[in-house]
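Visitor: Just dropping this structure here.
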Amino acid sequence: MTERHTDMYKILIIEDDAVISEQVSRYLARWGYETACAEDFENILPQFVSFAPQLVLLDIGLPFYNGYYWCSEIRKVSQVPVVFVSSASDNMNIVMAMNMGGDDFIVKPFDLEVLLAKVQAILRRTYAFQNQSTVMEHRNVILNLADMSLLYQGTKLELSKNEFRILQLLYENAGRTVSRETIMKRLWDNECFVDDNTLTVNMNRLRRKLEEAGIQDFIATKKGVGYQLSDGV
């Protein structure tokens, strides 16, 4: 008999069949899990980052891009367990799912108790310790704290130490203006005699790099105050 789980783990269900996704969501919620069902199948990654799940249930046959594609995109920013759920259960699809970074494969149609048992087993194996989120998202631009990079529309952008520190501070304060003094302190610690123009040079260089990657008007200047992430048009 499966035991009720007491930890509030979050599970993202990426399944375009609304009947199946709702059924799975309600069942897992009854066992104490927080669930969310993907809604925009053209932009899964921002939903993944925003919800920050501890496990993903992922169908293969999805609109726009298949489950293999989204598993590879998730793997660019996270090692969260991904369980494929599909009726395409031939050996080729199962092998492909594992090769793309999947952790398990559940064949449709499935028994909800079997799905629950697999979910619980994977969560036990994965989270013997508390795992902190290592990604942040704003306007579909993902900041990876683990390797100091940005991910936008499938392209990875390497950041310098100062560029990363500026963006991390702005992401942490999304929706608020961060003063120039606060940014300078984050960049240069106790170096009190850093020329104020040095920050302007760093900010201009970062903006150019973002624009060259297609990320337009991402950092707004609040004259006389500081900077903040722009919400776009």
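The values are calculated or read from the model by the stated rules, or taken from the named source; none is laboratory data. All figures in this text were calculated on a predicted structure; none of them were measured in a lab. Methodologically, a virtual Cβ is constructed for each residue, glycine included, from the backbone with ideal geometry; neighbour enumeration extends over all protein chains shown.
Visitor: So for segment 114-130 (the condition being on the phi < 0 side of the Ramachandran plot, touching a strand residue (DSSP E or B) at 6+ places or on another chain (Cβ under 8 Å), assigned to a helix (DSSP H, G or I) and surrounded by fewer than 14 Cβ atoms within 10 Å (Cβ to Cβ)), does at least one residue qualify?
Guide: Within segment 114-130, one or more residues are on the phi < 0 side of the Ramachandran plot, touching a strand residue (DSSP E or B) at 6+ places or on another chain (Cβ under 8 Å), assigned to a helix (DSSP H, G or I) and surrounded by fewer than 14 Cβ atoms within 10 Å (Cβ to Cβ).
Visitor: Suppose we keep only residues that are at pLDDT 85 or above and small (Gly, Ala, Ser) within segment 116-148. Which one would you say is farthest from the chain's Cα centre (by Cα)?
Guide: Filtering segment 116-148 for residues that are at pLDDT 85 or above and small (Gly, Ala, Ser), the one farthest from the chain's Cα centre (by Cα) comes out as 117.
Visitor: Restricting attention to helices (runs of 4 or more DSSP H) lying wholly within segment 144-224, give those where 1 or more residues are under 24 Å from residue 44 (Cα atoms). Quick ask: steps written out before the conclusion?
Guide: On the way: elements: 161-172, 180-188, 196-212.
Correct list: 161-172, 196-212.
Visitor: I'd like to know if segment 87-99 contains one or more residues that are in a strand (DSSP E or B) and over 20 Å from the mean Cα position of the chain (by Cα). Write out each step before concluding.
Guide: Taking segment 87-99 and keeping what is in a strand (DSSP E or B), we get none.
Looking for residues that are in a strand (DSSP E or B) and over 20 Å from the mean Cα position of the chain (by Cα), one finds none in segment 87-99, hence no.
Visitor: Still on this model: In the set 151, 170, which member is closer than 30 Å to residue 218 by Cα and more than 14 Å from the chain's Cα centre (by Cα)?
Guide: Details: 151 fails: more than 14 Å from the chain's Cα centre (by Cα).
Exactly one of 151, 170 is closer than 30 Å to residue 218 by Cα and more than 14 Å from the chain's Cα centre (by Cα), namely 170.
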